[in-house]
1. Roughly how tilted is helix A:34-45, in degrees to the nearest 10 and between 0 and 90, from the longest Cα axis of chain A?
2. With viscosity set to 1.567 mPa s at 4 °C, what whole-number translational diffusion coefficient in µm²/s follows for segment A:3-141 from Stokes-Einstein and a Kirkwood radius over Cα pairs?
3. Ignoring ligands, DNA and RNA, what percent of the 1.4 Å accessible area of the protein assembly as shown is carbon and sulfur?
4. Taking a point 7 angstrom from the Cα of B:Ser83 along the C-beta vector, which residues in segment B:27-64 have backbone N less than 11 Å away?
5. How high is the relative contact order of chain B, in percent, with contacts defined as C-alpha pairs under 8 Å that are six or more residues apart?
6. If you roll a 1.4 Å probe over the heavy atoms of the protein chains, what accessible area per residue do you get for segment B:1-124, in Å²?
7. Ignoring ligands, DNA and RNA and using a 1.4 Å probe, state the total buried accessible area between B and A in Å², rounded to the nearest 100.
8. How long is the gain from A:Glu122 to A:Asn110 if the chain were fully straight, where each residue apart is worth 0.36 nm and the alpha carbon distance is subtracted?
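The values are calculated or read from the model by the stated rules, or taken from the named source; none is laboratory data. Predicted model, so just to flag it, every value in this text is computed and none were measured. Positions of Cβ are generated from backbone atoms using ideal geometry, with glycine treated the same way; all protein chains shown enter the neighbour counts. Heads up: the accessible areas ignore ligands, DNA and RNA and are worked out on the full protein's heavy atoms, side chains in. Shrake-Rupley method; radii C 1.70, N 1.55, O 1.52, S 1.80 Å.
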Number of protein chains: 2
Amino acid sequence: MKQEQIDEIRDFNRFYAKVIGLLDKTFLNSEYSLTEVRVLLEIYKQSGILANDIMNSLQIDKGYLSRILKKFEKKQMITKKQSDTDRRAIYLELTEFGKKEFLEVDTATNLQIDTIFSHFSEAEQQTLIENMNKIKNILQKK
Amino acid sequence: MKQEQIDEIRDFNRFYAKVIGLLDKTFLNSEYSLTEVRVLLEIYKQSGILANDIMNSLQIDKGYLSRILKKFEKKQMITKKQSDTDRRAIYLELTEFGKKEFLEVDTATNLQIDTIFSHFSEAEQQTLIENMNKIKNILQKK
DNA sequence: TTAAATAGTTGATTTAGGCAACTATTTTTA
DNA sequence: TAAAAATAGTTGCCTAAATCAACTATTTAA
């Protein structure tokens, strides 16, 4: 690979890291940190998920995760149910309140995306999305 | 904007955040944090830069930056030289050791990019870069 | 049946980063 | 030109995010 190509990739990475950082500021205004929202999303996507699964998919420390879940439980956003087959494992579910809280952040994020991208023409939006999908498809292959 | 489009963008953002996170692990193995490397890069790109300029371009707190620079000075990676025309301002330069340290991380990053992207064919690499540039060009407009 | 592995918790600590007050200058303004 | 405002950088204080290691309880493998 040519140095020039590497530079272009690194340049895009720096650029897009800024974009993502900007978007993440939404969470900073909310009551939940970025990681907390990601955890909520995991439980929302897959009700009954185990802490261990979240740990693996989000790659976060189990002690840290345990504390986040404890906070959620205290706020009555999740319920924990011990597995019958493996009493070490605990099924996690969002309560109605937990769902509500998650969806609020989720909606705010949608709005934010919409706001930012509405600055571009529909054709440009379409191009952006196509290029994003292309990149994702290639990178996902390996 | 349609919900489906918003979802695609968010999906890409999540996906690419992981890619960036993966790449950033290089820094985590090095002795320097991501922000510290960014600061080094700024001084490397523009020798004699002021702390204030770095603050503006990287958007980091001046107290935090001051501490980072102090660390670099202590490790003899940079030199500080008071400006003659404005004695509040301090010119920053990398020492030979500072350059060496920076280039080590920089080289490791290049190698890492090269390693990851060499899993793809040249055509795919070209497509990736083209799509990255396209996205960057559109987003930069506004 | 004992050893190793696994799920989760807890305590102690480190690090990143923000905020505000401060010093020392320089610039503006009245 | 003297006082006020702005600017560059430092320092102290603080909080939230995250890591690490030790621990309990349980399950699986040797």
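1. Result, in degrees: 70.
2. Numbers: Rh = 17.4 Å.
D, rounded to a whole number, is 74 µm²/s.
3. Working: 8480 of 17050 Å².
Of the solvent-accessible surface of the protein assembly as shown, carbon and sulfur hold 50 percent.
4. Within reach of a label on B:Ser83, which here means backbone N under 11 Å from a point 7 Å along Cα→Cβ, segment B:27-64 contributes B:49-53.
5. Values: 93 pairs, mean separation 29.8, N = 142.
Here the relative contact order equals 21 percent.
6. Working: 7570 Å² over 124 residues.
Heavy-atom accessible area per residue stands at 61 Å².
7. Numbers: alone 10930 and 10910 Å², together 17050 Å².
So the buried area, both faces added, is about 4800 Å².
8. Values: separation 12, 0.36 × 12 = 4.32 nm, distance 1.70 nm.
Full extension from A:Glu122 to A:Asn110 adds 2.6 nm.
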